[in-house]
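Each remark here refers to the structure printed beneath this line.
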Amino acid sequence: MRQDIYEVIKENEDLLKLLRMQPYWHRKLMRNPQLLEKLNTDAVFFFKKSIPDRVSKFSDGVQFASMMMNMFQAMKTPSS
C-alpha cells in the first residue's frame, strides 16, 4: 500500500477499523488508491455516522426524553 494512503488510514480510527473488519478494502486500495474517498464514505455509513443516522439518533433521544417526562408527570399527578 502506498505510504501516503497508509498515513491517511492511520490518522482515521474508523478507516483503520473498517480495513481490519473488511480486508477486501486492502486489496482494492493496493490496486486502485483513488478509492480512498469511497472507503471513507463506506466507513461513515458502516459506523452509522452519516447525517441521516445522526438525525435519527437525536430524534430517538428526544422521543425517549419526552416519554420519560410524560411518565414522571403521570406519576406526580395524584390519582382520584
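The values are calculated or read from the model by the stated rules, or taken from the named source; none is laboratory data. Just so you know, these numbers come straight off a predicted model, no measurement behind them. So basically every Cβ, Gly included, is an ideal-geometry build from the backbone, and we count neighbours across all protein chains shown.
Miscellaneous remarks
- The single condition among (1) assigned to a helix (DSSP H, G or I); (2) basic (Lys, Arg); (3) in contact with a helix residue (DSSP H, G or I) (Cβ under 8 Å, 6 or more places away or on another chain) that Arg27 does not satisfy is (3).
- Test: Asp53 is of a type outside the set (A, V, I, L, M) and surrounded by 11 or more Cβ atoms within 10 Å (Cβ to Cβ): yes
- Residue check: Lys48 meets all listed conditions (1) surrounded by 10 or more Cβ atoms within 10 Å (Cβ to Cβ); (2) assigned to a helix (DSSP H, G or I) but one, namely (2).
- Test result for Phe64, within 19 Å of the chain's Cα centre (by Cα), at pLDDT 95 or above and among the aromatic types (Phe, Trp, Tyr): no
- The residues of region 22-80 include none that are aromatic (Phe, Trp, Tyr) and in contact with a Lys or Arg (Cβ under 7 Å, 6 or more places away or on another chain).
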